[in-house]
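The values are calculated or read from the model by the stated rules, or taken from the named source; none is laboratory data. Remember, it's a predicted structure, so these values are computed and weren't measured experimentally. Ideal geometry is used to build each Cβ from the backbone, glycine not excepted, and the neighbour counts take in all protein chains shown. Each accessible area value is taken on the protein alone, full model and side chains, heavy atoms only, with ligands, DNA and RNA left out. Shrake-Rupley method; radii C 1.70, N 1.55, O 1.52, S 1.80 Å.
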Amino acid sequence: MDTPTPIDLASWPRRQHFEHYLHAVPCTYSMTVELDVTEFVRALRDSPRRTYVAQIWALGTIVNRREEFRMCLAESDAPATWPVLHPSFTIFNTERETFSSIWAPYDADFGTFHDGAADLLDRYRDSTEFFPQGGEQPNTFDVSSLPWASFTGFNLNIRDVWRHLAPIFTLGRYQEGDGRVFLPLALQVHHAAADGFHAARFVNELQTLLADPSWVSGE
């Protein structure tokens, strides 16, 4: 198991913001965006690789690029960052109309991650357990998919979420317009970990990654 690295409070520019939004005014926020995934969709149509796995890898790549999205709380509510966060994602059981939550080790190489995550999806696709791998991992972030509906807004209302600093993502159904394809993405953020600037940078970097999906084929 990886060990989180404590943040040096003496030199951290966001110390006051962190303490304010963790203790004085506990606060989370969400934003919903439409990502242009036209080139991403085209690349996957010509590839045997799976769309859902590719979406998860893209999210994981940007999460692991930025420390503010890998934050956690150590002892005495001290902020720390994981060296890597692994994606935890839902898989739907169509017969039971329930879902399971599984996780896969993140790998910067898409092909390596894809093969491992695809194997897990096949292994647990008929699972009747909520956590078929035996429980949640501490160094994960959550991804859910709603491929049955598109949306322009999505908000999670979680009780006692004030110690959960990892981001939470929800993906929707593709929408087409003016010859382009768009993916709804909802991002839930703890304000102690990241401000609007950081959330916007995350979205912009994700958009850039999806606009040049040469990584889908390993180019």
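Of the Cα atoms belonging to the range 1-105, the radius of gyration and Dmax stand at 18.0, 54 Å.
Backbone phi angles across the range 181-197, fed through the Karplus curve with coefficients 6.51, -1.76 and 1.60 (θ = phi - 60°), yield HN-Hα couplings of 10, 10, 10, x, 9, 9, 10, 9, 10, 8, 5, 5, 8, 8, 9, x, 4 Hz in residue order; Gly and Pro are listed as x.
In terms of the Cα gyration tensor, with a ≥ b ≥ c the square roots of its eigenvalues, is the range 94-219 rounded because a/c is under 1.5, prolate because a/b exceeds b/c, or oblate? Mind dumping the intermediate values first?
Numbers: a/c = 1.32, a/b = 1.09, b/c = 1.21.
Rounded is the answer for the range 94-219, as its axis ratio a/c remains below 1.5.
Surface analysis of the chain yields an accessible area of 52 Å² per residue, using protein heavy atoms and a 1.4 Å probe.
Working note: Cα gyration tensor of the chain, eigenvalues times five, square-rooted, sorted largest first, giving semi-axes of 28, 20, 18 Å. 3J(HN,Hα) along the range 137-152: 9, x, 9, 10, 10, 9, 10, 10, 10, 10, x, 8, 8, 8, 7, 10 Hz, from the Karplus curve 6.51 cos²θ - 1.76 cosθ + 1.60 with θ = phi - 60°, whole Hz, x for Gly and Pro. Between rounded, prolate and oblate, where does the range 90-151 land on the alpha carbon gyration tensor, with a ≥ b ≥ c its root eigenvalues, rounded for a/c under 1.5, else prolate if a/b exceeds b/c? The shape class here is prolate.
Can you compute the helix-only [θ] at 222 nm over the chain? Use -39500 (n - 2.57) per DSSP H run of at least 4 residues, normalise by all residues, nearest 500 deg cm²/dmol.
-8000 deg cm²/dmol
Taking 0.890 mPa s as the viscosity and 25 °C as the temperature, the Stokes-Einstein diffusion coefficient of the range 146-194 based on its alpha-carbon Kirkwood radius rounds to 197 µm²/s.
Pairwise inverse Cα distances across the range 115-187, averaged and inverted, put the Kirkwood hydrodynamic radius at 15.0 Å.
Taking the Cα centre of the range 114-207 as origin and assigning +1 to Lys and Arg Cβ atoms and -1 to Asp and Glu Cβ atoms, the resulting dipole is close to 260 debye. Indicate the gyration tensor shape class of the range 177-219 (rounded, prolate or oblate), computed on the Cα atoms with a ≥ b ≥ c the square roots of the eigenvalues: a/c under 1.5 is rounded; otherwise a/b larger than b/c is prolate and the rest oblate. Verdict is oblate for the range 177-219.
Taking 0.36 nm per residue of sequence separation and subtracting the Cα-Cα distance, how much length would be gained by fully extending the chain between Ala118 and Ala211, in nm to one decimal?
Numbers: separation 93, 0.36 × 93 = 33.48 nm, distance 2.29 nm.
Full extension of this stretch gives 31.2 nm more.
Note on the range 39-124: with charges restricted to the Cβ of Lys and Arg (+1) and Asp and Glu (-1), its dipole about the Cα centre is near 260 debye. Remark: spin-label model distance Glu136-Arg201 equals 2.7 nm, labels positioned 7 Å along the Cα→Cβ axis. Residues whose amide H comes within less than 5 Å of that of Val37, counting only those at least five positions distant or on another chain, are Val181, Phe182, Leu183 (H built at 1.01 Å from N in the peptide plane).
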